[in-house]
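For reference, the structure discussed in these notes is given below.
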Amino acid sequence: MRAALVVACLVATTSIARAESPKPRPPRTLVLVIDRSGSMQGAKLDAAKLAVDSAVGTLQAGDQVAVIAFDSEAQIFVKPQLASNRVQIAKDLSRLTSGGGTNILTGMKEAYEVLHDLKPSSKHVILLSDGQSPSDGISDLIKEMRKDQITISTIAVEGADDVLLKQISVEGAGRMYKVTDLGQLSQTFVKETKLALK
């Protein structure tokens with residue numbers, strides 16, 4: 001009798017656990033576009049690297065991530081790969097240094113190239129900048145990205161063109177954050193990653 005009761009309890013517990021277990025969501029793709037201009041040197045760039053690592057840590061193993069850095073031109077620092085490759089991602093990210101001007105369009109173009117060639121999935125871009133950038137061509141590019149179901153959020157740190165970043169987030173169907181305390185940057189990246197890829 002006692003054995004039967006134990007078995008019944010185990011079956012009931014297993015059934016409850018199965019009912020409460022959330023369904024695994026389909027894989028997501030996140031591209032982080034980071035301003036690496038001269039004004040990002042030092043604390044800003046260090047905080048950005050830490051924030052990227054924190055965002056990657058919130059992704060599921062099957063999600064894909066890429067990191068693009070831009071100044072006057074753009075460069076892929078972390079090629080699209082599984083978020084589970086965290087050690088390699090951190091190693092690639094460590095090569096990121098600052099220098100040059102600020103041209104958001106170059107970074108966004110590179111992000112679009114990366115995402116356009118990937119298989120259909122939820123695709124999201126987080127753009128971080130601290131500078132004043134030319135706006136020519138950005139709206140047209142965002143329209144093309146939205147046709148491919150790509151969403152864009154922006155994060156502004158001290159010195160950023162808040163108006164332009166707000167415009168990008170609105171046209172990109174995302175959100176815009178203004179971070180005045182670099183200590184909050186990682187938290188902001190994590191919050192946005194969870195919101196965008198849930």
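Odds and ends about this structure:
- Output for the range 187-198, where each listed residue is surrounded by fewer than 19 Cβ atoms within 10 Å (Cβ to Cβ) and in contact with a helix residue (DSSP H, G or I) (Cβ under 7 Å, 6 or more places away or on another chain): 190
- Residue among 117, 92, 148, 140 that alone is touching a Phe, Trp or Tyr at 6+ places or on another chain (Cβ under 6 Å) and either surrounded by fewer than 17 Cβ atoms within 10 Å (Cβ to Cβ) or not hydrophobic (A, V, I, L, M, F, W, C) (or both): 92
- Matching option when the condition is modelled with pLDDT of 95 or more and under 13 Å from the mean Cα position of the chain (by Cα), among 74, 66: 66
- The set of residues from the range 159-179 being farther than 15 Å from residue 48 by Cβ and of a type in the set (Ser, Thr, Tyr) comprises just one member, 169.
- Qualifying positions in the range 173-198 - part of a loop (DSSP other than H, G, I, E, B) and over 22 Å from residue 42 (Cα atoms): 173, 174, 175, 198
- Cβ separations smaller than 6 Å between residues 6+ apart or across chains give the following pairs from the range 64-76 residues that are at negative phi to residues that are part of a strand (DSSP E or B) and of a type in the set (Phe, Trp, Tyr): 67/77; 69/77.
- Selected residue (criterion: surrounded by the most Cβ atoms within 10 Å (Cβ to Cβ)) from residues of the range 151-172 that are assigned to a helix (DSSP H, G or I) and touching a Lys or Arg at 6+ places or on another chain (Cβ under 7 Å): 169
- Residue in the range 123-137 that is more than 15 Å from the chain's Cα centre (by Cα), of a type in the set (S, T, N, Q), surrounded by 18 or more Cβ atoms within 10 Å (Cβ to Cβ) and over 17 Å from residue 59 (Cα atoms) present: yes
- Selection within the range 49-88 - in a helix (DSSP H, G or I), more than 18 Å from residue 114 (Cβ to Cβ) and aliphatic (A, V, I, L, M): 50, 51, 87
- Residues in the range 178-198 that are touching a Leu at 6+ places or on another chain (Cβ under 9 Å) and more than 18 Å from residue 36 (Cα to Cα) were compared, and the one that is modelled with the lowest pLDDT is 197.
- Pairs with Cβ under 6 Å, 6+ apart, first in the range 160-183 and on the phi > 0 side of the Ramachandran plot, second not small (Gly, Ala, Ser): 173/151
- Residue check, residue 100 within 20 Å of residue 156 (Cβ to Cβ), at pLDDT below 95 and of a type outside the set (D, E, K, R): yes
The values are calculated or read from the model by the stated rules, or taken from the named source; none is laboratory data. All figures in this text were calculated on a predicted structure; none of them were measured in a lab. All Cβ positions, even for glycine, are placed from backbone atoms using ideal geometry, and neighbour counts span all protein chains on display.
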